[in-house]
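The structure appears right after this line, and notes come after that.
Values quoted throughout were computed directly from the atomic coordinates according to the rules given, and no laboratory measurement underlies them. Everything numeric here is computed off the predicted structure, so don't read it as measured data. Counting neighbours? That spans all protein chains shown, and the Cβs are built from the backbone with ideal geometry, glycine included.
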């Protein structure tokens, strides 16, 4: 790639904040230009002639879409935030080069059928609008890779979503889904799935068919259990199940050896399976606000662990194997019932923060812990 191409800005900002009076456009640093937007308000197409091949269209809030959108034919990305839009005009069909459409914090309730003519569109973000159903038009856009419809009021998904064979990421956080959409199980190329903050009560065994899944967020639902088949999702790197009603974790979680982050906080867990020790790549483990009274000895096998949060549980002791976690940087044990720590904790030479607020630890024990970890920030109260 040439130096000139490296230095292209490829981005314009058209009064998005309502305060800017001009924008800076550049081909190279040496050829940078300061353009007065007022000169181009009546001819958006001319403005785009100044831009580099990757074009982002961020119009002013008073931009007249129905009158001028047909002129903006070269944009590859459109970003509209808090523009008070209630609909997407049919003129969007003229933006045939569009690859990314982001319409956040508006009042969109439906999509025009013309949006299906955007054959180059691969990313569609409609977060924080007023959608009550999953727009059926989306199901005809089989080239889509990313879909985000979070913070709407969608309560179900159409069968036709199975047509999206190229879909890699689907975000439906903070909607009104009450049951697991079985159609999702057919999206076998899916790598990221966010269904947090819905009303889900059950994860079906078919989740095990999503073998390409790398990121799964199911926080803030009403889940009571996790199926054994979760262990088939062996590409998972991020799994978050916080704020549910889960009382036990299946042993098959030990199959998820690519996991980097696991969040099980705010669940009525009483124990962890010994197989959790198989998660050799885990760097962050959050098990806060549970009913855990002890940790399995296999916790000491998590040699890559850097962040361990177990506050607001019911821990009475820590296993000596905790001393094996030589890469641990943060250990949060606030609000438990620990009276002492094992001497092996002195091996945690990389520990930067040890938090022990509101535990019944005696003064003599505190002195001992301080002597074990002289370079660590230790907090007792």
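General remarks:
- Two-decimal ratio, region 191-238, of alpha-carbon radius of gyration to 2.2 N^0.38 Å: 1.07
- When 252, 274 are arranged by Cβ crowding within 10 Å, least crowded first, meaning fewest neighbours, the order is 274, 252.
- Debye-formula intensities of region 155-238, expressed as log10 I(q)/I(0) at q = 0.11, 0.12, 0.18 Å⁻¹, are -0.25, -0.30, -0.71 (one equal scatterer per alpha-carbon, no solvent).
- Peptides 281-293, 104-116, ordered by how many other C-beta atoms sit within 10 Å of their residues on average, highest first, read 281-293, 104-116.
- Cα gyration tensor category, rounded, prolate or oblate, for region 81-238 with a/c compared to 1.5: prolate
- Fewest-first ranking of 376, 233, using other Cβ atoms within 10 Å as the exposure measure: 376, 233
- Once the gyration tensor of the Cα atoms in region 226-333 is diagonalised, the equivalent ellipsoid follows with semi-axes of 19, 17, 12 Å, ordered largest first.
- Solvent-free Debye scattering, log10 I(q)/I(0), computed from the Cα coordinates of region 279-381 at q = 0.17, 0.19, 0.22 Å⁻¹: -0.70, -0.89, -1.25
- Ranked list, fewest to most other Cβ atoms within 10 Å of each Cβ, for 337, 78: 337, 78
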